[in-house]
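This report refers to the structure that appears directly beneath it.
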Amino acid sequence: MMATRIYVPCDTTALSMGADDVARLIEHHAGVQGVAIELVRNGSRGLFWLEPMVEVETASGRIGYGPVEPDDVQGLVEAGLFDGASGHPLFLGPVADIPYLKRQQRLTFSRIGITDPLSITDYRDHGGFDGLETAISVEPQGIVDEVKVSGLRGRGGAAFPTGIKWQTVHDEPGSSRNTSSATPMRVIPAPSQTGSPWNVTLTC
């Protein structure tokens, strides 16, 4: 029998709202009912007013419930949590259809809230190393050309094309390069550090 995958976030906001107790109680009730589950501690999707937001993976996608307090867990289980049932007031429906998320196209945050942030396997399974693996197989000029075509630009007011920067560096003689950013004291957002650390490692 396939285990039902249950997601309970482990970011600081969810933890401060009792996510650890929610996760523990879900495991307890699954054991009592003899239901096989795989508990994944994911990052937060950023809907902090719904934290802890519990998600259940179903054939039709991930179903959300929230905000879930420890005292809610038994009622959720009795209402069919492990099947993604809708008979509970905390039922949110398919997470991808929540208006706040549905209207977004996430790029940097595309895996945050989706994966276990500490699992390199989970990161790879969600395409995390696709770009790196492609880059390793391409000649340096090919990589520069890809960056040019992408239209990537700097974050500053000038929005200077990154492809031009990379081409300039590529064309310089010698093997030494300055990898420092023009932006002093770069700040990597906390959600990226805690919710998708492998992504941060690859982009540093």
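The values are calculated or read from the model by the stated rules, or taken from the named source; none is laboratory data. Here the structure is a predicted model, which is why all the values come from computation and not from measurement. Counting neighbours? That spans all protein chains shown, and the Cβs are built from the backbone with ideal geometry, glycine included.
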| said: Just to check your reading of the model, which residue among 22, 68 is outside any loop (DSSP other than H, G, I, E, B), farther than 18 Å from residue 115 by Cβ and not acidic (Asp, Glu)? | reply: 22
| Taking the stated definitions as given, is residue 39 under 19 Å from residue 117 (Cβ atoms) and either surrounded by fewer than 22 Cβ atoms within 10 Å (Cβ to Cβ) or touching a Lys or Arg at 6+ places or on another chain (Cβ under 8 Å) (or both)? | yes
| said: So for the stretch 83-96 (the condition being within 15 Å of the chain's Cα centre (by Cα), at pLDDT 95 or above and under 18 Å from residue 13 (Cβ atoms)), does at least one residue qualify? | reply: yes
| Quick one: how many residues across the stretch 29-65 are among the aliphatic types (A, V, I, L, M) and in a loop (DSSP other than H, G, I, E, B)? | 5
| task | May I ask you to verify whether residue 121 is of a type in the set (S, T, N, Q) and either over 20 Å from residue 39 (Cα atoms) or at pLDDT below 95 (or both)? | result | yes
| note | The condition from (1) exposed (fewer than 13 other Cβ atoms within 10 Å of the Cβ); (2) over 22 Å from the mean Cα position of the chain (by Cα); (3) not hydrophobic (A, V, I, L, M, F, W, C) that residue 70 misses is numbered (1)
| task | Would you check if there is a residue in the stretch 103-124 being charged (D, E, K, R) and either over 30 Å from residue 47 (Cβ atoms) or part of a strand (DSSP E or B) (or both)? | result | no
| Looking at the stretch 94-101, is at least one residue farther than 30 Å from residue 155 by Cα and in a loop (DSSP other than H, G, I, E, B)? | no
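So that you can scan it fast, the table gives a plain yes or no per residue for (1) at positive phi; (2) surrounded by 11 or more Cβ atoms within 10 Å (Cβ to Cβ); (3) in contact with a strand residue (DSSP E or B) (Cβ under 8 Å, 6 or more places away or on another chain); (4) modelled with pLDDT under 90:
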residue	(1), (2), (3), (4)
134	no, yes, no, yes
150	no, yes, no, no
161	no, yes, yes, no
177	no, no, no, yes
188	no, yes, no, yes
193	no, yes, no, yes
| request: Out of 144, 149, report the one residue that is touching a residue at least 24 places away in the same chain (Cβ under 8 Å), more than 30 Å from residue 38 (Cα to Cα) and assigned to a helix (DSSP H, G or I). | output: 144
